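Q: The structure under discussion is supplied below as structure tokens; questions concerning it will follow.
The values are calculated or read from the model by the stated rules, or taken from the named source; none is laboratory data. Predicted, not measured: the structure shown is a model, and the values here were computed from it. FYI the Cβ positions are ideal-geometry reconstructions off the backbone, even for glycines, and counts take in every protein chain you see.
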Amino acid sequence: AELVETEAPAWPEEFAARYRAAGWWQGETFGKMLRDRAEAHPDRIAVVDPTGGSDGGRRTWTYGELDRRADRLASGLVARGIGRGDKVVVQLPNVAEFFEVIFALFRIGALPVFALPAHRRSEIVYFCTFTQAVAYVIPAEHEGFDYRTLAAVVCAEAPSLKHVFVAGGDAGYFEDLAEVPAEPIGLGGPASHELAFLQLSGGSTGVPKLIPRTHDDYIYSLRGSNEICAVNENSVYLCVLPAAHNFPLSSPGSLGTLYAGGRVVLCPQPVPDVAFRLIESEGVTITGLVPPLAIVWTEAAPRSAYDLGSLEVLLVGGAKFSEEAARRVRPALGCTLQQVFGMAEGLVNYTRLDDPLETVVTTQGRPISPDDEIRVVDDQDNDLPIGSTGHLLTRGPYTIRGYWNAPEHNVRSFTEDGFYRTGDVVRLTESGHLVVEGRAKDQINRGGEKIAAEEVENHILAHPSVHDANVVAEADPYLGERTCAYVIVRPNTEPLRAFDVKKFVRDRGLAAYKVPDRVVFVDTFPKTGVGKVSKNDLRTAAAPPPGPGR
Ligand code: J2J
């Protein structure tokens, strides 16, 4: 109780009592969940890592083995002084160790902080210092990048770090994750209403906000997602997107699949050739993709030699999926499309498996829970009639009541009575489905990857030749949106090229997907009536010049 109350605003007791009475919160924890599954079916395969074997070949872990590994790793981490409430930044790609590590931490009651493989010095140092993380877990290398080199830099800047654990490879100067496990000791484990982990927000502020999720609330979202997506013990989920992202983790994702006793197959790369081969060889039944990937898969499938017949459901979300692209899913891939509009802060909407095709291709679904409260409001928070477009506010049994240790942000991001201001502009249909019409938050949704404009602007502003900068979205035929930075150069400084700005941002240790796709030098920014920079006018200016189509 202490953890939840001091670090993150919890649900008021009347709501908590209601969510328990309704059966949404069932008192389960992740540690206990894995133990239960391992006892019920120890020999069933939980995780398939197609390239994770010592010889680079296929490796599988049963539920029994994953449970034992998590137990042993938990003991080894405790022996190194890692305990309840400690934060551990986990930056692993789609490898089996990801699950071993997070379940070990869940068992201890230590909190994974979910970093993405694309994050670099700027993000990781921030996560470590902001959370006072005691440990950092990395792969040795991934996609040609050496994470040990990054860890060395991070350690120098984040004095709270006592351990760096390296999974699957030469640990060099750091600790080899494979050598940490020890004989299991009984662990008390956290209570179900306590925090399980910190998830990353897409964000619209200078630095990312952290999202505190409890065992109770997250497990409820898994159970609800499983029911809606028909995930059961026969399901084989292909994890294509980065495993730590909220969508592939929980909608219904890897954790939903493990909750159901199904099988998770880790996809090392999202390209059709790799994924299609795994769908055929592993008998994949369900997967989730962001729109750009769904389009690439849809285009590749008819020409592919692989048999995709086992695939029953494709979830598409993270960014708006166009109706035209949605219509092409079944003809090309032979499976049912489910649109999913979710957020790491909580609320997740799905089109249902038995929804009419028109609903599936034209809406982003409806909430998981009958207790998800949805409001569509105008700029003054007045409720709008059904069918009008407005700001989406939400409150419910798996939507946070505040960011982790961010009281000043919480005042802005939540209403006084606890509704989360999603920053999404939506319309509610008569059938109760949501259609995403736009966005009011200062963010770029680059093919599902969220970029806070302010974060990138701050990095550009650090350049000595830059007087001012504004980053906005511009249309991109493949990604949906990409970033465009408008820059005013200081007089009498060295001339700047677009390349210099991009390189400067990259060299400051920002994830590559946040480096501006385009840089435009201007003399002034358009202003609104009250003299603020008008990002709307900049966005219009950023409309791509006429040219050859796709
Ligand atoms: C339009 N915008 C969407 C959609 C998310 C499941 C699926 C996605 C996420 C996710 C997630 C959208 N159409 N179908 O966590 O569990 C935009 C909205 C939203 C923001 C959240 C899940 N699906 N979006 O994308 O935390 O703007 O979560 O508020 O990364 O993505 O981003 P994120």
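Q: Which one is surrounded by the fewest Cβ atoms within 10 Å (Cβ to Cβ) among residues in the range 178-208 that are more than 26 Å from the chain's Cα centre (by Cα) and not in a loop (DSSP other than H, G, I, E, B)?
A: Glu179
Q: Go through (1) surrounded by 19 or more Cβ atoms within 10 Å (Cβ to Cβ); (2) on the phi > 0 side of the Ramachandran plot and name the single condition Leu434 misses.
A: Among (1) surrounded by 19 or more Cβ atoms within 10 Å (Cβ to Cβ); (2) on the phi > 0 side of the Ramachandran plot, Leu434 violates only (2).
Q: Of the residues Val466, Val426, Val471, only one is in contact (Cβ under 8 Å) with a residue 40 or more places away in the chain and away from the ligand (no atom under 16 Å from the Cβ); which?
A: Val471
Q: Also, quick follow-up: Across the range 434-447, what is the number of residues that are within 6 Å of the ligand (Cβ to nearest atom) and out of contact with any Asp or Glu (no Cβ under 8 Å at 6 or more places or on another chain)?
A: Result for the range 434-447: 0.
So that you can scan it fast, the table gives a plain yes or no per residue for (1) more than 14 Å from the ligand (Cβ to nearest atom); (2) closer than 18 Å to Tyr350 by Cα:
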site: Val207; (1), (2): yes, no
site: His215; (1), (2): yes, no
site: Pro242; (1), (2): no, no
site: Phe247; (1), (2): no, yes
site: Leu258; (1), (2): yes, no
site: Val265; (1), (2): yes, no
site: Gly283; (1), (2): yes, no
site: Ile286; (1), (2): no, yes
site: Ala300; (1), (2): yes, no
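A quick yes/no check of all residues on (1) under 18 Å from the mean Cα position of the chain (by Cα); (2) under 22 Å from Pro208 (Cα atoms):
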site: Gly85; (1), (2): no, yes
site: Arg107; (1), (2): no, no
site: His119; (1), (2): yes, yes
site: Thr129; (1), (2): no, yes
site: Glu141; (1), (2): no, no
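Q: Further question: For the range 332-391, give me each residue that is within 14 Å of the ligand (Cβ to nearest atom), among the hydrophobic types (A, V, I, L, M, F, W, C) and not in a strand (DSSP E or B).
A: Answer for the range 332-391, where residues must be within 14 Å of the ligand (Cβ to nearest atom), among the hydrophobic types (A, V, I, L, M, F, W, C) and not in a strand (DSSP E or B): Ala344, Val360, Val361, Ile368.
Q: Quick one: which residue in Glu179, Glu141 is out of contact with any strand residue (DSSP E or B) (no Cβ under 6 Å at 6 or more places or on another chain) and either touching a residue at least 40 places away in the same chain (Cβ under 8 Å) or within 22 Å of Ile108 (Cβ to Cβ) (or both)?
A: Glu179
One line per residue, one yes/no per condition, for (1) assigned to a loop (DSSP other than H, G, I, E, B); (2) without any contact (Cβ under 8 Å) to a residue 24 or more places away in the chain; (3) over 17 Å from Leu357 (Cα atoms):
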{"residue": "Leu255", "(1), (2), (3)": "no, no, yes"}
{"residue": "Glu280", "(1), (2), (3)": "no, no, yes"}
{"residue": "Trp297", "(1), (2), (3)": "no, no, yes"}
{"residue": "Leu314", "(1), (2), (3)": "no, no, no"}
{"residue": "Glu324", "(1), (2), (3)": "no, yes, no"}
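Q: Report yes if Val313 is away from the ligand (no atom under 11 Å from the Cβ), closer than 15 Å to Asn94 by Cβ and either of a type in the set (Gly, Ala, Ser) or not assigned by TED's automatic domain parsing to the domain that holds His119 (or both), otherwise no.
A: Here the answer is no, as Val313 does not meet what is asked.
Q: Residue check: is Tyr478 at pLDDT below 95 and hydroxyl-bearing (Ser, Thr, Tyr)?
A: Spelling it out, Tyr478 is indeed at pLDDT below 95 and hydroxyl-bearing (Ser, Thr, Tyr).
Q: Please go through the range 407-422 and pick out each residue that is away from the ligand (no atom under 16 Å from the Cβ) and without any contact (Cβ under 8 Å) to a residue 60 or more places away in the chain.
A: Pro407, Glu408, Val411, Thr415, Glu416, Asp417
Q: May I pose another question? Has the range 35-45 got any residue that is in contact (Cβ under 8 Å) with a residue 24 or more places away in the chain and under 23 Å from Ile368 (Cβ atoms)?
A: yes
Q: Moving on. Test Arg223 against the criterion of being assigned by TED's automatic domain parsing to the domain that holds Ser54 and basic (Lys, Arg), and give yes or no.
A: no
Q: If Trp404 passes every condition in (1) out of contact with any Phe, Trp or Tyr (no Cβ under 7 Å at 6 or more places or on another chain); (2) farther than 26 Å from Leu198 by Cβ; (3) within 16 Å of the ligand (Cβ to nearest atom) but one, which one does it miss?
A: Condition not satisfied by Trp404: (2).
Q: Could you check how many residues of the range 221-239 are within 13 Å of the ligand (Cβ to nearest atom) and in contact (Cβ under 8 Å) with a residue 40 or more places away in the chain?
A: So the answer is 5.
Q: Of everything in the range 166-177, what is crowded, with 22+ Cβ neighbours inside 10 Å and more than 29 Å from Gly318 (Cβ to Cβ)? Give them in sequence order.
A: Listed by number, the residues that qualify are Val166, Leu177.
Q: Out of the range 481-537, which residues are exposed (fewer than 12 other Cβ atoms within 10 Å of the Cβ), charged (D, E, K, R) and in a loop (DSSP other than H, G, I, E, B)?
A: Glu494, Arg497, Asp523, Lys532
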